[in-house]
Ligand SMILES: NC(=O)c1ccc[n+]([C@@H]2O[C@H](COP(=O)([O-])OP(=O)(O)OC[C@H]3O[C@@H](n4cnc5c(N)ncnc54)[C@H](O)[C@@H]3O)[C@@H](O)[C@H]2O)c1
Ligand SMILES: O=C(O)C(=O)C[C@@H](O)[C@H](O)[C@H](O)COP(=O)(O)O
Ligand SMILES: [Zn+2]
C-alpha cells in the first residue's frame, strides 16, 4: 500500500507531496459540505488547482455523477500526469477513485477522507466504485491511491449521525480482530476523547487485512462482516424515499443479523451475541423494517460480491474478535435473521 499519513498536522505533508510529485494539474473533487467545511482548511496548503464539485450523498454515487466528473476532467484537460484529490467521505473517495482509475486508463489520485467512516475504512485498501441501479458498489475496480492523508480535525464539523455511521465500521474492526478493545469500549458507547487513537487502531486492522489479501481472494472477506445483510438493507431502503439509512447504520443492522447467524451455527455464544446487541443499541436506533420489506431485502443478498454461483457466502464471527469467511447461508436463514432483528 502507498503512504498513509494520520494526524492533525499532516496538511503540510500533503502540500509537500503535491509539490514534489510535480503533477501536471491538480483537481480537487468535493461536494457542497466539504467545500464549506473542509476545503478552507486545505486551500492554504494547495498549489494551483481546480475544483470539481458534485452533490453529496449516496443517492449521487452513480454513473450519472461519474459522467459529470469525467466531463469536467475533460474540460480541464487533465492528462495522465494530473492528480485528483478526493476531499470528502466514502462517496467522494469511492467515486473519485473509480473516475480517476478509468479516465484515460488511469490518473493519479489521493484520498483526503473527511468523515469518520472514510478515515477508518473507505480511504484505505483500494476498493473504488459506484452503485448501479441501487446495487451497492456494483461497478468498481481495485486501485490504490498514491497516498492517503487522514486529519481527524475534519471530524469537528461532522454531524453526529455521520459520526455514528463511521463508528459502525470501527465496531466491525473490533468484532473481527480486536476483542480486547471491544470489551473496553462496549461500556462507553460512542464516547471517546481521542478519535486519533481509535482511527489509528482501526486503520491498522484494516491495513493488515488488505496487505495480506489486497484483491479479496479470500481473507479480505473478513472486512465484509455485516455487509451481506447490511448492503441488502441499505440498497432496499435507498430506493424508498424518506427511509434511506446511512451505510454504517445498515452495517449495524447487518452485524446483528450476521451475529445471530453466527450464534445459530454454533460459532458465537448467546452471551457474546447479547453483548453485541447491547453495545449496538447503545449507539444506534432500531431501523424500521416492515414485514413486507423482508423478502425483497433477502433477494438483494443474491447480488453480494462474495457469492459463488447461487451460494451466499457470509462472513460470520467465531467468537468476538475473530471472523470466518465463506460460510454458506440460505435465503430462509437470512430472512430469519431479519425477523430476529425485528423482534429485538
Ligand atoms: N471503499 C471502501 O473500502 C469503503 C468502505 C466503507 C464504506 N464505503 C462507502 O463509503 C460510503 C459512505 O461514506 P461516508 O459515510 O463517508 O458518507 P458520505 O461520503 O456520503 O459523507 C457523509 C456526509 O458527510 C458530509 N461531510 C463529509 N465530510 C464532512 C465534514 N468534515 N464536515 C461536515 N460534513 C461532511 C458529506 O458531504 C455527506 O453529506 C458508502 O458509499 C460506502 O459504500 C467504502
Ligand atoms: O474493504 C473492504 O474489503 C470492505 O469490505 C470494507 C467495507 O466496509 C466496505 O463497505 C466495502 O466497500 C464493501 O465492499 P463490497 O465489495 O462488499 O462492495
Ligand atoms: Zn462498509
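Laboratory data are not the source of any read-out in this text; all were calculated from the coordinates shown. None of the values given here were measured: they were computed from a predicted structure. Quick reminder, even Gly has a Cβ in these numbers, built from the backbone with ideal geometry, and neighbours come from all protein chains shown.
Springs between alpha-carbon atoms under 10 Å, Gaussian network over the chain: tell me which of 12, 44, 241 tops the mean-square fluctuations.
Among 12, 44, 241, the largest mean-square fluctuation in the Gaussian network model of the chain belongs to 241.
Relative contact order for the stretch 160-343: what is it in percent, counting Cα pairs under 8 Å that are at least 6 residues apart? Each step should come with its number before you reach the end.
On the way: 251 pairs, mean separation 52.1, N = 184.
Normalised by residue count, the contact order of the stretch 160-343 is 28 percent.
How high is the FRET efficiency between residue 49 and residue 160 when r is their beta carbon distance and R₀ equals 25 Å, given to the nearest 0.05? Don't jump to the answer; show the numbers that get you there.
Working: r = 31 Å, r/R0 = 1.25.
So the FRET efficiency works out to roughly 0.20.
Given Cα pairs under 8 Å that are at least 6 residues apart, what percent is the relative contact order of the chain? Write out the running numbers ahead of the final one.
On the way: 616 pairs, mean separation 51.3, N = 344.
In percent, rounded to a whole number, it is 15.
How far is helix 195-212 tilted, in degrees, relative to the longest principal axis of the Cα atoms in the chain, given as a value from 0 to 90 rounded to the nearest 10?
80 degrees
Looking at the stretch 169-305, what % of the alpha carbon pairs are farther apart than 28 Å?
Cα-Cα pairs of the stretch 169-305 separated by over 28 Å account for 19 percent.
I'd like the distance separating the alpha-carbon centroids of the stretch 106-160 and the stretch 301-336, in whole Å.
Answer, in whole Å: 25.
Against the longest principal axis of the chain, how steep is helix 63-75, in degrees 0 to 90 to the nearest 10, with axes from Cα atoms?
It is inclined by approximately 10 degrees.
Over all directions, the average projected area of the alpha-carbon convex hull for the stretch 7-92 comes to how many nm²? If you can, show how the numbers build up before the last one.
Values: hull surface 23.1 nm².
The directionally averaged projection comes out at 5.8 nm².
Taking the mean number of other Cβ atoms within 10 Å as a proxy for protection, how do you rank 293-300, 111-118 from highest to lowest? Spell out each step's value before the answer.
Numbers: 293-300: 17.1, 111-118: 29.2.
Ranking, from highest mean packing down: 111-118, 293-300.
Quick one: order 81, 195, 174 by neighbouring beta-carbon count within 10 Å, fewest to most.
Listing 81, 195, 174 from fewest to most nearby Cβ atoms yields 81, 195, 174.
What Kirkwood Rh does the stretch 110-239 have if only Cα atoms enter the pairwise 1/r average? Answer in Å. List each step's numbers first, then the result.
On the way: mean 1/r = 0.0643 Å⁻¹.
About 15.5 Å, per the Kirkwood formula over Cα pairs.
Quick one, can you get me the convex hull of the C-alpha atoms of the stretch 84-158 expressed as volume per residue in Å³? Please report the intermediate quantities before stating the final value.
Numbers: hull volume 5.8 nm³, N = 75.
Considering the Cα atoms of the stretch 84-158, their hull volume per residue is 77 Å³.
Quick check: residue separation of residue 311 and residue 104 times 0.36 nm, minus the Cα distance between them. What number comes out in nm? Can you show the working numbers first?
Numbers: separation 207, 0.36 × 207 = 74.52 nm, distance 3.66 nm.
Separation in residues times 0.36 nm, less the Cα-Cα distance, equals 70.9 nm.
Averaging sequence separations of C-alpha pairs under 8 Å and six or more residues apart, then dividing by the length of the stretch 194-258, give the relative contact order as a whole percent. Could you put the intermediate results ahead of the total?
On the way: 54 pairs, mean separation 18.9, N = 65.
Relative contact order comes out at 29 percent.
How do 167, 45 rank when sorted from fewest to most other Cβ atoms within 10 Å of their own Cβ?
Exposure proxy ranking, most exposed first: 45, 167.
Please compute the alpha carbon radius of gyration of the stretch 4-157, then divide it by the globular-protein estimate 2.2 N^0.38 Å. Two decimals is fine. Let's see the in-between values first.
Numbers: Rg = 13.9 Å, N = 154, 2.2 N^0.38 = 14.9 Å.
For the stretch 4-157, the normalised Cα radius of gyration comes out at 0.93.
Just subtract the alpha-carbon distance of residue 282 and residue 270 from 0.36 nm times their residue separation and send over the number in nm, one decimal. Provide the component values of the computation, followed by the final result.
Values: separation 12, 0.36 × 12 = 4.32 nm, distance 1.83 nm.
Taking residue 282 through residue 270 to full extension adds about 2.5 nm, to one decimal.
Give the calculated FRET efficiency between residue 291 and residue 184 to the nearest 0.05, with a Förster radius of 41 Å applied to their Cβ-Cβ distance.
On the way: r = 38 Å, r/R0 = 0.92.
Rounded to the nearest 0.05, the efficiency is 0.60.
When the convex hull of the C-alpha atoms of the stretch 47-125 is computed, what volume per residue in Å³ does it have? Present the calculation step by step, with values, prior to reporting the outcome.
On the way: hull volume 7.3 nm³, N = 79.
Enclosed volume per residue, from the Cα hull, is 92 Å³.
Nearest 10 degrees is fine. How inclined is helix 247-264 to the longest principal axis of the chain, computing both from alpha carbons?
30 degrees
Checking a compactness column here: for the stretch 253-344, what do you get for Rg(Cα) / (2.2 N^0.38 Å), N being the number of residues? Before the final figure, lay out each step's value.
On the way: Rg = 12.9 Å, N = 92, 2.2 N^0.38 = 12.3 Å.
Against the empirical 2.2 N^0.38 Å value, I get 1.05 for the stretch 253-344.
Return P(r) of the chain (all Cα-Cα pairs; 20 Å bins starting at 0; whole %; ordered from short to long distances).
P(r) over the chain, rounded to whole percents: 32, 57, 10.
Restricting things to alpha carbons, tell me how big the stretch 178-230 is in terms of Rg and Dmax, in Å.
13.2, 37
What is the extension gain from residue 322 to residue 204, computed as 0.36 nm multiplied by their sequence separation minus the C-alpha to C-alpha distance, in nm to one decimal?
Numbers: separation 118, 0.36 × 118 = 42.48 nm, distance 1.57 nm.
Using 0.36 nm per residue and subtracting the Cα-Cα distance, I get 40.9 nm.
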